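For reference, the structure is listed below as structure tokens.
Values quoted throughout were computed directly from the atomic coordinates according to the rules given, and no laboratory measurement underlies them. Small disclaimer: the values here were computed from a predicted structure and weren't measured. Here Cβ is always computed from backbone atoms with ideal geometry, including for glycine, and neighbour counts include all displayed protein chains.
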Amino acid sequence: MDVNGAPAGAPPAAGAVLRISEVLGPITALGPGRRLGVWVQGCPLACAGCMSRHTWDPRGGRDVPVTRLAGLWQDALADGYDGLTVSGGEPLAQPAALTAFLALADRVRREAGRPDADLLVYTGWEEAEIAASPVAGEALRLADAVVTGRYRAGEPTSLVWRGSANQRLLPRTPLGRRRYGPHLERSAERPELQVRVTDEAVHVIGVPRPGELSALERDLAARGVTFRENTWRP
Ligand code: SF4
């Protein structure tokens, strides 16, 4: 991927900057198919048991112009990716930048002749909170599907792509209904987890069940891989 690339003819909203923690692709454990994953930085919700505590601090991560992220999305589509997943962190903590990014992402997929490539957003906001906020509604206007709700460690679930039983997978567009409709009540015996290793970190992508991260840590330790720190313990 060209991390500096931007799609041609970016619209005025393209001046926006999204504070992010990470961009990885392809990811296969947060939505259907091969996807580009963008994790935003900053979350004020502080769910007990959150596996992504490193994304809480809004001063962490780095600022990235949405044009650059849209360039990555353009490259991903050229590579045959099936969708974009925005997670976090809390995407709705940056509503203006999220609005601009999804507007660009929508434009890029249409100009690339890939209107079938879906946009999925994870948020800790509850459905009712989104419904009560015109700003949040506008930010999610172009999302084909949204996973909503705080993570509750005491309510495990086997439903795909959700971390706890209270979380809802909500299709919002015709594409979202086609793509996510068959998965709304689908359970998996085991959640799909993806492990990506970079120079600096081991990234566990997906929604693990209680105890699975500790088991993974023990397994890696048995193979001689130990962590200086991890993101799922205070
Ligand atoms: S689970 Fe999601 S909403 Fe909850 S604290 Fe972690 S990043 Fe924030």
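Show the residue pairs meeting these rules: Cβ distance below 6 Å; 6+ apart or different chains; first residue within region 131-143 and of a type outside the set (Phe, Trp, Tyr); second residue part of a loop (DSSP other than H, G, I, E, B) and surrounded by 12 or more Cβ atoms within 10 Å (Cβ to Cβ).
ALA143/ARG172
Suppose we keep only residues that are part of a helix (DSSP H, G or I) and of a type in the set (Asp, Glu) within region 116-147. Which one would you say is farthest from the ligand (Cβ to nearest atom)?
GLU138
I'm trying to understand the selection: among the residues of region 64-95, which are out of contact with any Cys (no Cβ under 8 Å at 6 or more places or on another chain) and under 24 Å from CYS47 (Cβ atoms)?
LEU84, THR85, VAL86, SER87, PRO91, LEU92, GLN94, PRO95, listed by residue number.
Is it the case that region 177-187 has a residue that's assigned to a loop (DSSP other than H, G, I, E, B) and over 24 Å from LEU92 (Cα atoms)?
Among the residues of region 177-187, at least one is assigned to a loop (DSSP other than H, G, I, E, B) and over 24 Å from LEU92 (Cα atoms), which makes the answer yes.
Could you tell me how many of the residues in region 38-91 are surrounded by 18 or more Cβ atoms within 10 Å (Cβ to Cβ), outside any helix (DSSP H, G or I) and either free of Cβ contacts under 8 Å to residues at least 24 places away in the same chain or more than 16 Å from the ligand (Cβ to nearest atom) (or both)?
Residues that pass the stated criteria total 6.
Those residues that are closer than 15 Å to ALA105 by Cα and of a type in the set (Ser, Thr, Tyr), I need them from region 52-85; list them, please.
Of everything in region 52-85, those that are closer than 15 Å to ALA105 by Cα and of a type in the set (Ser, Thr, Tyr) turn out to be THR67, TYR81, THR85.
Name the single residue that is farthest from the chain's Cα centre (by Cα) among those in region 92-112 being of a type in the set (A, V, I, L, M) and within 16 Å of the ligand (Cβ to nearest atom).
ALA93
Taking only pairs six or more apart or across chains, which ones have beta-carbon atoms under 7 Å, a first residue in region 148-166 that is in a loop (DSSP other than H, G, I, E, B), and a second residue that is basic (Lys, Arg) and within 11 Å of the ligand (Cβ to nearest atom)?
Going by the 7 Å Cβ cut-off, the qualifying pairs are SER164/ARG152; ASN166/ARG152.
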